1. For the cross-link pairs 154/177; 177/232; 21/197, which exceed 25 Å when the distance is taken from alpha carbon to alpha carbon?
2. Mind jotting down the three principal axis lengths of segment 201-257 based on Cα atoms? Whole angstrom, largest first.
3. What distance in nm separates the two pseudo spin-label positions at residue 83 and residue 198, each 7 Å out from Cα along the beta-carbon direction?
4. Considering Cα pairs under 8 angstrom that are at least six residues apart, work out the relative contact order of segment 73-183 and quote it in whole percent.
5. Given segment 73-183, report the % of alpha carbon pairs whose separation exceeds 21 Å.
6. What does the charge count near residue 243 come to, summing +1 for each Lys or Arg and -1 for each Asp or Glu among other residues with Cβ under 15 Å from its Cβ?
7. For residue 238 and residue 131, calculate 0.36 nm times their separation in residues minus their Cα-Cα distance, and state this gained length in nm to one decimal.
8. Using +1 at the Cβ of each Lys and Arg and -1 at the Cβ of each Asp and Glu in segment 73-183, identify which of 107, 160, 142 lies farthest towards the dipole's positive end.
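Only the coordinates and a few stated rules stand behind these numbers; no lab work does. Note that the structure is predicted; figures quoted are calculated from it, not measured. Ideal geometry is used to build each Cβ from the backbone, glycine not excepted, and the neighbour counts take in all protein chains shown.
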Amino acid sequence: MDSSSFINALRRFLSIRGPAKQIRSDCGTNFIGACRELKMEAVQSDKEVQEYLSDKGCTWVFNPPHSSHMGGSWERMIGITRRILDSMLLKVGPSRLTHKVLITFMAEVSAIVHARPLVPVSTDPDFPLILTPATLLTQKVAVVPPPQGEFNEKDLFSRQWRQVQSLANTFWHRWRKEYLPTLQSRRKWQKEKPNLKERDIVMLTDSQVKRNDWPMGIVVKTFPGRDGKVRKVEVKTARQGSCKTFLRPVSETVLLFSPETDK
């Protein structure tokens, strides 16, 4: 999608869901271009504008480059959904799906993803309801049940509505198998480590560098969060006589030397 197409998609989203207080995304080129065309780039640098728009309108917060993991749950949901859809559509073939079949199928996929529980299911009979994203979005606790009948791969060559239900069933089975393991506790980042500080020497773990190239730089600015943890830094590097500054997550840096520890 180019910036114009994304703006139209954003307008469709806001027209259906209503106004949003905040939009969070990665640094996709279409997002950046749309943000500039919508005259929202001042939000990132002007604190007064940010506070005003937070109360009256909408702010757009970008994750630092090369840090999709900072998207947390939404990036995980997108990643799982994309993997399943890629494998399914590669097998089915895009030429077999009409536009109406595809958008109906995507609506079914959205309903499946939004029906996942957000909290552990209670065994208390006084609280039989399950809190899901769909509950928050629609203010309704009931879900749309699938049509009666059996749907399998043979229905891909049948009527359009049966094609959609066959695809939705396939996505549901794959979704359960790939989503449930993500609910297990993660073992990463269980131990506290010192924050990166200005003047620290770091090495950038850039996957695009050439062989035997070890890019190093100095931290010139840190961005601590509300909890005091630094997850984003500004690194200055020097190469071929020119200096450049990059914004990177701490997960893509390796601390080599800290002036404070050398004292």
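1. Checking Cα-Cα distances, 177/232; 21/197 exceed 25 Å.
2. Extents along the principal axes, in whole Å: 37, 21, 20.
3. 4.2 nm
4. 30 percent
5. Details: 2576 of 6105 pairs.
So the portion of pairs separated by more than 21 Å is 42 percent.
6. Values: positive: 221, 236, 239, 244; negative: 234.
Around residue 243, the surrounding residues sum to +3.
7. Working: separation 107, 0.36 × 107 = 38.52 nm, distance 5.11 nm.
Separation in residues times 0.36 nm, less the Cα-Cα distance, equals 33.4 nm.
8. Sorting the options by dipole projection puts first 160.
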